[in-house]
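Following: one structure in C-alpha cells, then a few remarks.
The values are calculated or read from the model by the stated rules, or taken from the named source; none is laboratory data. From a predicted model like this one, the values you see are computed outputs, not experimental measurements. Note: ideal-geometry Cβ built from the backbone for every residue, glycine included; neighbour counts use all protein chains shown. We work out accessible area using only protein heavy atoms, side chains counted, and drop any ligands, DNA or RNA first. Shrake-Rupley method; radii C 1.70, N 1.55, O 1.52, S 1.80 Å.
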Amino acid sequence: MNLEPTEEQKAIVAQVRRFVREEIVPLEDKLDPDASELAPEDHARLVAKVKGMGLYGLDIPAEFGGPGIDMTTRVLLAIEMGQHRAGLYVPCYGVFGAAGLAQLYEATEEQKEKYLRPMLRGEKKGFFGLTEPSGGSDPARAIKTRAVKTNDGWVINGSKVFISGADKADFGLVFARTDPEKGRGGVTCFIVETSWPGFHVRRIVHTLRSSHYATELQFDNLKVPDTAILGELNKGFAIANERLSRQRIPYAAQCLGPAYKAHELALDYAKQRETFGALLATRQAIQWMLVDNELDLRQATWMTLAAASKCDQGVPFRMEAGLAKLVASEAAGRVVDRSMQIFGGYGMTKDFPFERWYRELRIRRVGEGPNEVQRHVVARDLLGAGLK
Amino acid sequence: MAIRMTKPWTPLAPETVKKLSGQLGVYQLADSKGDVVFVGFAGGRSLFGLRGEVEKAMKDPPSAATQFRVEVNQQYTTRYQELLMLHVHDHGDVPAGNVGKPLPKLGRLSPA
C-alpha cells in the first residue's frame, strides 16, 4: 500500500496550510478563545477566497457542484484545516462550506429540490436526529420515538438529545420507530420541517465543548406527510449506518489537526524554554514525550490514510474506519496532553489553544460512536460468525 | 441547572461590583423594575473576568441599567447564547442593550 501523497495532493495541502496560517490564525488572535464564528464580513471574504481556490464544498459530490475529491485527499486536507484553535470542531470556521446531510443525495427528486439543493446553496440548514435519551450507540434498539400511520401521513411523538444545530435548522432527518416488532428493521427516516406544529427545541445541552451546544428535541403529535419518508419505510437504520461508517474516516483525520499543531508548538517551546540552566529540549523526560507524540501521530495518520485508501478503492472499509477513529481520537488526546505538560502553567491557560483542544478532544472518544463500540465493531469483523 | 437566571438583583454600584470575582461567566443587567436590558459574558480575553465586564457596564450602563446579577460559568459562550435565546422566546427580541451590537447567530428555543 502506497500512502505517499501525490504531487497534486502535496500542492493542495500546501495551499490549505498557507490559508490556515495566513488567513485563519491571525483572526483568532482577536476572537474569544471559545469562539466558533467569524465576523460575517471576514467569513464572506474567506468563502470567496476558498471558492477562488476551487475548494469550496469539499464534501459535496462533483455532480452536485463540489470539487469531487477522494477520501485520501479529504483526510490530508482535514488534518491541515484543523491546525488552529477552533480547528477540531469548526475547521477554518466553515469557510470551506458544508456538505450538509449526505443522506439526501439518495432522496427523491422532489426532496432534493426542496431540501438538498437549497442546503447546498446555503439557503437552508438541516440537522441529523438519531440519538435519544435512551441511548445513541445502539440506535436500532434505543429508538423509542414512534411514528404512527394515519389516513394522510404519520404522527411522530418522542424526543431526541445531543442534536447539533436543530435550533437553527429549517428541517432535519428524524429517525422514528414505525414497526415496534422489528428492531433495526422497524426504523424509518423522516424529513421533518422545524416550522411544523409539534416540533420543539426544549433545551440547550451544555458540554465540555463550550463553543457549541447540542439541543434536546421533543415531538408532540408532529404530523408529517407520506412524502416526508427518506428512502424506504422501515429501512431507516441502513441510512443511519451508512453515514456512521463513512463519517468515521474524516472524523479521525479531524482529531489529528490540533494534535499536529500541539506537537509543533511543543517542539518549538522545548527549543526555547530554559529550566535550571538548560533548554527543555535537552531533558530526556521532554524528549521522550516528544518522541511519543511523534509515534502517536504517525501511527494514527497511517491508519487513517489506510482506511481512506480502502474507501477510495471501493472495498469494504468498516473495520479500518473504526480502527482509525479509535486510534486517532485516543492518540490526539495523548499528544495534546503531553504538549500541555511541556508548556507547564501556560499550557493550562486560555492564552494558548491547548485547553480548548484538551476539552474538545475528550468528546471525540465518545462522539461518532464511542471507542468501545468501535472495538465491538472490529471484534465482530475479526470473529465473524464465531461471535454470538 | 435552571435555564433562567433567578438570583436576586444587586445594585450596579462601585461597592458591590468590586466584590465580584474575576472568573469567567455570564451576567445580566436590569432596569429599576427588574426587566433585563442587557446580557453579556466575561470570556477568556476579558480583563478581570466578570468584575471587569460589569465595571465596564457600570461606567456606561446600557439602556439605563441599575442592577446586575452574575453566574460563574465555564460554558460562558453557550450560556450567553442560551440567555439571549430565552429572552427572544419570552419577549420577541434580544434585550434592548444588545440591539445593534455584534450578536452570535441565534437559534429558536421553546422551553416546556
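Quick look at the numbers
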| quantity | calculated |
| --- | --- |
| Number of the condition not met by residue A:281 [criteria: (1) open to solvent by 30 Å² or more (accessible area, probe 1.4 Å); (2) under 20 Å from the mean Cα position of the chain (by Cα)] | (2) |
| Criterion (within 11 Å of chain B (Cβ to nearest Cβ) and in contact with a strand residue (DSSP E or B) (Cβ under 8 Å, 6 or more places away or on another chain)) met by exactly one of A:132, A:193, A:216 | A:216 |
| Every residue from segment A:215-265 that is out of contact with any helix residue (DSSP H, G or I) (no Cβ under 7 Å at 6 or more places or on another chain), at pLDDT 95 or above and surrounded by 21 or more Cβ atoms within 10 Å (Cβ to Cβ) | A:219, A:222, A:224, A:228, A:229, A:261 |
| Selection count where residues are in contact with a Phe, Trp or Tyr (Cβ under 6 Å, 6 or more places away or on another chain), open to solvent by less than 10 Å² (accessible area, probe 1.4 Å) and more than 16 Å from residue A:153 (Cβ to Cβ), scope segment A:173-196 | 2 |
| Residues satisfying the stated conditions in segment B:10-49, i.e. open to solvent by 60 Å² or more (accessible area, probe 1.4 Å) and away from chain A (no Cβ under 11 Å) | B:11, B:14, B:15, B:18, B:19, B:23, B:32, B:33, B:35, B:47, B:48 |
| Pair list, Cβ under 8 Å, 6 or more apart: segment A:246-272 residue without any contact (Cβ under 8 Å) to a residue 60 or more places away in the chain, other residue of a type in the set (Gly, Ala, Ser) | A:271/A:281 |
| Top-ranked residue in segment B:89-103 [being without any contact (Cβ under 8 Å) to a residue 12 or more places away in the chain and more than 8 Å from chain A (Cβ to nearest Cβ); ranked as nearest to residue B:25 (Cα to Cα)] | B:101 |
| Which numbered condition residue A:36 fails, given (1) polar (S, T, N, Q); (2) more than 30 Å from residue B:24 (Cα to Cα); (3) in contact (Cβ under 8 Å) with a residue 40 or more places away in the chain | (2) |
| Residues (part of a helix (DSSP H, G or I) and among the basic types (Lys, Arg)) located in segment A:282-314 | A:298, A:310 |
| Residue that is farthest from the other protein chains (Cβ to nearest Cβ), among those in segment B:64-78 that are assigned to a helix (DSSP H, G or I) and touching an Asp or Glu at 6+ places or on another chain (Cβ under 7 Å) | B:64 |
| Test: residue in segment A:98-111 that is under 18 Å from residue A:253 (Cα atoms) and either open to solvent by 10 Å² or more (accessible area, probe 1.4 Å) or in a helix (DSSP H, G or I) (or both) | yes |
| Listing of helices (runs of 4 or more DSSP H) fully contained in segment A:3-53 that carry 2 or more residues being within 14 Å of another protein chain (Cβ to nearest Cβ) and open to solvent by less than 50 Å² (accessible area, probe 1.4 Å) | A:25-28 |
| Test set (1) touching a Cys at 6+ places or on another chain (Cβ under 6 Å); (2) within 14 Å of another protein chain (Cβ to nearest Cβ) - residue A:94 fails condition number | (1) |
| Considering residues of segment A:167-182 that are closer than 17 Å to residue A:139 by Cβ and either within 13 Å of chain B (Cβ to nearest Cβ) or among the basic types (Lys, Arg) (or both) only, the residue nearest to the chain's Cα centre (by Cα) | A:172 |
| Sole residue being in contact with a Pro (Cβ under 6 Å, 6 or more places away or on another chain), away from chain B (no Cβ under 14 Å) and over 26 Å from residue A:93 (Cα atoms), chosen from A:185, A:231, A:153 | A:153 |
| Elements of type strands (runs of 3 or more DSSP E) contained in segment A:136-231, each with 3 or more residues being under 21 Å from residue A:104 (Cβ atoms) | A:153-164, A:171-177, A:187-193, A:214-224 |
| Test: residue in segment A:150-163 that is within 15 Å of residue A:190 (Cα to Cα), modelled with pLDDT under 95 and of a type in the set (Val, Ile, Thr) | no |
| Residue in segment A:157-170 that is open to solvent by less than 10 Å² (accessible area, probe 1.4 Å), in contact with a strand residue (DSSP E or B) (Cβ under 8 Å, 6 or more places away or on another chain) and under 19 Å from residue A:235 (Cβ atoms) present | no |
| From B:106, B:86, residue being within 14 Å of another protein chain (Cβ to nearest Cβ), out of contact with any helix residue (DSSP H, G or I) (no Cβ under 7 Å at 6 or more places or on another chain) and either in a loop (DSSP other than H, G, I, E, B) or modelled with pLDDT of 95 or more (or both) | B:86 |
| Those residues of segment A:284-312 which are open to solvent by 80 Å² or more (accessible area, probe 1.4 Å) and of a type in the set (D, E, K, R), in sequence order | A:298 |
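Quick grid of which residues meet (1) assigned to a helix (DSSP H, G or I); (2) among the hydroxyl-bearing types (Ser, Thr, Tyr); (3) open to solvent by less than 20 Å² (accessible area, probe 1.4 Å); (4) in contact with a Gly (Cβ under 9 Å, 6 or more places away or on another chain):
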position	(1), (2), (3), (4)
A:340	yes, no, yes, yes
A:343	yes, no, yes, no
A:347	yes, no, yes, no
A:350	no, no, no, yes
A:358	yes, yes, no, yes
A:373	yes, no, no, yes
A:382	yes, no, no, no
